[in-house]
1. Per-residue counts of other Cβ atoms within 10 Å, averaged by peptide: what ranking do you get for 295-302, 371-378, highest first?
2. Can you tell me how segment 255-389 classifies by the Cα gyration tensor, rounded, prolate or oblate, using a/c under 1.5 as the rounded cut?
3. At residue 146 and residue 188, where each label point lies 7 Å from the Cα along Cα→Cβ, what is the point-to-point distance in nanometres?
4. Any chance you could run the full-extension gain for residue 94 through residue 106? It's 0.36 nm times the residue separation minus the Cα-Cα distance, nm to one decimal.
5. Please compute the Cα-Cα pair-distance distribution of segment 356-450 with 10 Å bins starting at 0, giving whole percents from short to long.
6. Based on the alpha-carbon gyration tensor of segment 107-179 and its eigenvalue square roots a ≥ b ≥ c, which shape applies: rounded if a/c is under 1.5, prolate if not and a/b is larger than b/c, or oblate?
7. Could you please state, rounded to a whole Å, how far the C-alpha centre of segment 151-208 is from the C-alpha centre of segment 283-346?
8. For segment 99-228, with equal point scatterers placed on the C-alpha atoms only and solvent neglected, what are the log10 I(q)/I(0) values from the Debye formula at q = 0.11, 0.17 1/Å, to two decimals?
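Every number here is computed from the coordinates shown, using simple stated rules; none is lab data. Small disclaimer: the values here were computed from a predicted structure and weren't measured. Cβ sites come from the backbone with ideal geometry, for glycine too, and all protein chains shown count toward neighbours.
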């Protein structure tokens, strides 16, 4: 997962800065009109009247191609999370559970778990995809007398987290919550959540206090249920979703923009995004009319063909641009992205399903305190002073990932370590040392060992239900220190 520690417009110089500044649209060439000269006309009407000619040669073609390239990069960054969500939904509906039904996992995530990247291995997951276009759905929440941590995260079609139903919000009591689409408005006897889009992903997490608690946690998890309301019958068959695979665009880069246009029509974005979508119409992305590559000017096609793979490379590289402290990037503002579309795309790529920090705070490291990449060729220690230990009303964990951002196999079958780890040894002064290495530490410190692969790896620190002092941007995760 990558984090919103940059300003939305922090991204360097030149074209990269122009095409990536959140909420703005800039390009190498200006369109063939001036907004300031449009007396008495709205911007949208001007876009509708602007039609690039079918053929252009010379300088005009070059400028139009550059404009299409610039807008195409921005459109890709904007639409990438939407298509990742559709692709994830299609796979889960096919292999997990039908629409408006929960799928429950009854074991902690292991290296075989591939539903999402960077899964945690401290909670059970349960999830459902909702289609609210035909009516609302009731979420039934069980009583929680033991005070077990849980949350049901609600994400819209654009990966924004818009609500969490948690042990804190429900005060550990049994209850019902109606989840309605953006066009459904009525009074109800139960709490109601209005979703920004008709497609909603429910991603649940339930605390597991050690392997011996897995069975009880699974029984509790399965008491969360869903029921469509107002005569809304369970949808049969598959929803019509995008089939384009991202980022596999080498053979059909224009397919992305086709799929993106269709997905926007199925789940319209918030009104504030309209100014951006109006400019996308210049390159054929028009949800009202559809995307037709055959009707585009060849210069526009050429610009889009360049833009799609380049935008994918930007997404994959952008994580390295995030400022870090002690080698850690802390996610103070992820989960709900506003107009920071690059950040939204980066998290969809490397940490799909990331929650908001008030519910789950993340910090990620791929380098030690001196800035050198983490690798199993070396031994490390992460030392928390007594006052540096993460403060949570839930719990905290440190998880190991390989270069592909999935869990790493190891002989101990330990993929995370934290305050729920049985037998963790604290120092006499209350501090804690976690040993991060490929081979076991010497002595009797295996209880504090987080096994690493032989090659490169990433670490993610999670704080579930962090206390307020963790969120004021003054907390610093201590550096991962390489041992001699």
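1. Order by mean packing, descending: 295-302, 371-378.
2. Note, shape of segment 255-389 comes out prolate.
3. Result for the modelled spin labels: 2.9 nm.
4. Gain in length upon complete extension: 2.4 nm.
5. Per 10 Å bin, starting at 0, the Cα pair percentages come out as 13, 47, 35, 4.
6. Taking the square roots of the gyration eigenvalues as a ≥ b ≥ c, segment 107-179 is oblate.
7. What the calculation gives is 28 Å, centre to centre.
8. Values returned for q = 0.11, 0.17 Å⁻¹ are -0.38, -0.88.
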